[in-house]
1. Residue under question is Glu11, and the condition is that it be part of a loop (DSSP other than H, G, I, E, B), more than 23 Å from the chain's Cα centre (by Cα) and loosely packed, with under 14 Cβ neighbours inside 10 Å; does it hold?
2. Inside segment 175-194, can you point out the residues that are within 12 Å of the ligand (Cβ to nearest atom) and at negative phi?
3. Test each condition in (1) of a type outside the set (A, V, I, L, M); (2) touching a Leu at 6+ places or on another chain (Cβ under 8 Å); (3) buried (at least 23 other Cβ atoms within 10 Å of the Cβ) for Gly250 and report the one that comes out false.
4. For segment 456-488, what are the residues that are surrounded by 15 or more Cβ atoms within 10 Å (Cβ to Cβ) and over 30 Å from Leu284 (Cα atoms)?
5. For Glu396, only one of the following conditions fails: (1) without any contact (Cβ under 8 Å) to a residue 12 or more places away in the chain; (2) within 22 Å of the chain's Cα centre (by Cα). What is its number?
6. Quick one: would you say Asn204 is farther than 30 Å from Ile498 by Cβ, not assigned by TED's automatic domain parsing to the domain that holds Lys130 and not aromatic (Phe, Trp, Tyr)?
7. Please indicate, with yes or no, whether at least one residue in segment 193-207 is buried (at least 22 other Cβ atoms within 10 Å of the Cβ), in contact with a Gly (Cβ under 6 Å, 6 or more places away or on another chain) and β-branched (Val, Ile, Thr).
8. Please work out which one of (1) touching a residue at least 60 places away in the same chain (Cβ under 8 Å); (2) surrounded by fewer than 17 Cβ atoms within 10 Å (Cβ to Cβ) is the condition Ala61 fails and give its number.
Amino acid sequence: MTIEFTAWPNEFAEIYRQKGYWTDRPLTDLIDHAPKESVAILCGERQFTYADLCQKSQNLAGYLHRLGLKKGDTALVQLPNVAEFYVVFFALIRLGIVPVNALFSHNENELSAYVKQIQPSIVIASQQHKLFENDQYWLKLQQQDPSLKHILLAEGSWGASLVEAMAISSPNLVEHPNAADQVAFFQLSGGSTGTPKLIPRTHNDYFFSIRRSVEICEFSSSTVYLCALPCAHNFPMSSPGAFGVFHAGGCLVMAPNPEANVCFDLIERHQVKVVALVPPALALWMQVAVDRKPSLASLSLVQVGGAKLSESIARQVPEKLGCQLQQILGMAEGLVNYTRLDDDFESIVKTQGYPMCSMDEVKVIGVNGQQVAPGEEGELVTRGPYTIRGYYKAPEHNAKVFDSEGFYHTGDLVSQNEKGYLTVVGRDKDQINRGGEKIAAEEIENLLLKHEHILHSALVAMPDQVMGEKICAFVVPRYNSSKLKSVQLRKYLRGFGIADYKVPDRFEFIDALPITPVGKPNKVVLREVIRQRLQLNNVS
Ligand code: OOB
């Protein structure tokens with residue numbers, strides 16, 4: 001059994017193979033051909049060689065096989081930044097089991113939505129997460145989906161032990177990953193609709209994006225890379241990220257989070273050379289570096305992406321951190337743009353780079369759907385050898401964001417200069433980008449509308465010094481507005497078990513929402529309203 005997805009048309013697939021982009025090899029090749037005795041992962045006080053990584057993922061695959069899991073099954077995985085994340089990934093891939101890797105910040109609401117979509121056979125999680133402290137949520141999940149039979153916990157006092165499952169040798173395991181042109185795993189979409197969308201990534205397309213990223217970023221066996229962002233996110237996973245490190249035979253250092261002092265210690269201790277950050281983390285690092293710059297002596301490259309980096313911060317990177325900056329405009333749907341290591345400084349600080357592959361087709365289109373002139377603003381649309389042609393089981397949404405020629409309409413407003421470099425100037429999708437964490441406005445609006453005292457709601461981004469954007473929820477009360485308070489609404493939303501980063505930072509109570517000519521909430525006006533209110537507050 002294979003997972004259904006929108007495949008690339010044959011004529012494209014043929015070219016991608018001819019060009020050598022698609023090599024028809026499974027993602028397990030990333031680790032299976034590395035020099036066995038080199039150190040692959042440093043995680044706390046633990047060290048994993050490539051031999052360990054291969055062995056443990058084979059052991060775990062054997063265990064899963066004995067449980068009766070098979071090709072075409074799916075898995076829900078939620079692990080913090082630990083080496084086991086990769087062991088689990090490759091174990092599942094060896095058997096053709098297709099995982100969704102939830103972010104560790106995800107909560108009941110998100111996990112349940114994934115379970116509903118993929119109907120997994122197994123959950124692999126960590127007791128460090130409060131949902132898995134005891135078996136209550138697990139029992140609830142099993143009620144939601146009776147086919148869900150197995151759970152493995154990275155550490156824990158209940159459930160089966162992941163560590164033990166990784167330790168039992170499985171000498172006779174027969175590996176049978178999915179065909180390379182089939183779905184290997186699901187990435188998570190930032191989303192702009194009520195339900196989170198899953199992104200089917202094939203071995204072929206993902207492997208290519210990793211290989212090409214490794215070339216561009218010049219990763220090698222001497223690369224030491226710090227994984228400071230959430231390991232399940234596409235950026236630290238594949239741009240070139242952990243998988244790029246594995247492909248190059250380098251060393252991955254796990255950081256529990258991007259906190260500057262924690263990471264500076266790790267950089268110093270392990271002589272880290274490369275790190276990927278989102279802009280708010282970079283800004284905090286630059287503050288701490290004032291006192292701790294010598295800790296960063298080994299660092300040669302800081303990659304920044306996920307949200308817009310201000311030019312003024314970008315300019316200060318070489319001096320404040322003593323290393324080079326690389327900007328990345330990427331997306332879990334595929335397309336990744338990089339500034340190049342030998343680019344001139346102005347391109348590095350002013351743009352988010354250009355596509356990594358010459359067969360990435362990129363267009364900037366105006367409201368009339370026509371391409372705009374260089375330097376003018378428009379929506380970024382793209383198709384190519386590693387950009388998906390459709391979300392998983394989402395025909396209606398796909399009809400909106402993929403056009404008849406298979407171009408993905410990113411909802412990002414950009415300008416492209418004469419040399420092809422892209423600069424992000426805004427967004428035309430109903431999403432808030434809170435320092436790289438994406439929030440689909442509709443998802444939270446729908447929950448607010450379930451409140452008996454709320455008539456209308458609209459979420460918009462409000463400017464924030466540190467995060468770039470934060471969430472402002474405009475609320476029109478149904479009865480007496482004095483009854484509604486921000487504190488209660490936050491509590492109410494948390495009651496749905498949403499991830500913390502989705503809880504609005506601010507609520508604004510108003511009598512009516514401004515409306516567009518077609519009758520939708522006018523978010524342009526709302527963004528301006530909150531911008532002005534914030535300015536007034538600053539003045540007073
Ligand atoms: C990365 O992936 P996602 O899927 O979390 O988010 C993609 C969206 C883009 O469509 C864009 O709206 C925004 O995040 N974004 C940026 C940006 N990089 C991503 N906006 C402005 N400037 C940037 N440099 O965020 C992602 C995936 C792989 C590599 C890097 C980032």
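1. Numbers: part of a loop (DSSP other than H, G, I, E, B): no; more than 23 Å from the chain's Cα centre (by Cα): yes; loosely packed, with under 14 Cβ neighbours inside 10 Å: yes.
It is false that Glu11 is part of a loop (DSSP other than H, G, I, E, B), more than 23 Å from the chain's Cα centre (by Cα) and loosely packed, with under 14 Cβ neighbours inside 10 Å.
2. Of all residues in segment 175-194, those within 12 Å of the ligand (Cβ to nearest atom) come to 187-192.
Scanning segment 175-194 gives Gln187, Leu188, Ser189, Gly190, Ser192.
3. The failed condition is (2).
4. Quick first cut of segment 456-488, residues surrounded by 15 or more Cβ atoms within 10 Å (Cβ to Cβ) only: 456-462, 464, 467-477, 484, 486.
Once the filter is applied, which keeps residues that are surrounded by 15 or more Cβ atoms within 10 Å (Cβ to Cβ) and over 30 Å from Leu284 (Cα atoms), segment 456-488 yields His456, Ser457, Ala458, Val475, Val476, Pro477, Leu484.
5. (2)
6. Values: farther than 30 Å from Ile498 by Cβ: yes; not assigned by TED's automatic domain parsing to the domain that holds Lys130: yes; not aromatic (Phe, Trp, Tyr): yes.
Against the criterion (farther than 30 Å from Ile498 by Cβ, not assigned by TED's automatic domain parsing to the domain that holds Lys130 and not aromatic (Phe, Trp, Tyr)), Asn204 qualifies.
7. no
8. Exception for Ala61: condition (2).
The values are calculated or read from the model by the stated rules, or taken from the named source; none is laboratory data. Source: prediction; values computed, not measured. Positions of Cβ are generated from backbone atoms using ideal geometry, with glycine treated the same way; all protein chains shown enter the neighbour counts.
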